[in-house]
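First the structure, in the form of structure tokens, and then the observations on it.
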Amino acid sequence: MPPPPWLEALAAASLSTAAASAVLILGSVLRRPQHMAIMNWVWPITGLWAGPLGLWAYLRWGRHGSRAAHRRAEAIGKEPQSAGHPFPVMQIAMLAGFLTSYPVNWWLIRRGIKEAM
């Protein structure tokens, strides 16, 4: 049984926005490389799986990690901003993952597509 057309349209829209987010982040990272070289890979990949949320996170926290931002902060005698967060980001992400995967797993088991553990 093929998936419903609305689900295919939703998937296409999701993939398109994720790809666009990753391309925007990549363009920014190429213009302003991150202070930590690995983050030049991490941010665009985050844009691929998180889409607009990843783009928002990059604009909110990622640009502060660019080499230019570090140089500006040091030039005016300020401490460069850290990547630390005032709230437990990992726990919130795990909870969001659970809340989004549970209904889908329940649906797959109920339809007989997946076996219960």
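The values are calculated or read from the model by the stated rules, or taken from the named source; none is laboratory data. Remember, it's a predicted structure, so these values are computed and weren't measured experimentally. Methodologically, a virtual Cβ is constructed for each residue, glycine included, from the backbone with ideal geometry; neighbour enumeration extends over all protein chains shown.
Tabulated results
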| read-out | value |
| --- | --- |
| Close pairs (8 angstrom Cβ cut-off, 6 or more residues apart or separate chains): in contact (Cβ under 8 Å) with a residue 12 or more places away in the chain and among the hydroxyl-bearing types (Ser, Thr, Tyr) in the stretch 47-70, crowded, with 16+ Cβ neighbours inside 10 Å and in a strand (DSSP E or B) anywhere | Ser66/Gln34 |
| Those residues of the stretch 17-44 which are under 17 Å from Arg60 (Cβ atoms), in contact with a helix residue (DSSP H, G or I) (Cβ under 8 Å, 6 or more places away or on another chain) and β-branched (Val, Ile, Thr), in sequence order | Ile25, Val29 |
| Test: residue in the stretch 50-73 that is touching a Gly at 6+ places or on another chain (Cβ under 8 Å), more than 30 Å from Ala13 (Cα to Cα) and assigned by TED's automatic domain parsing to the domain that holds Ala12 | no |
| Arg111 vs. criteria in contact with a strand residue (DSSP E or B) (Cβ under 8 Å, 6 or more places away or on another chain) and among the charged types (D, E, K, R) | no |
| Subset tally (residues that are of a type in the set (Ser, Thr, Tyr) and part of a helix (DSSP H, G or I)) for the stretch 38-68 | 2 |
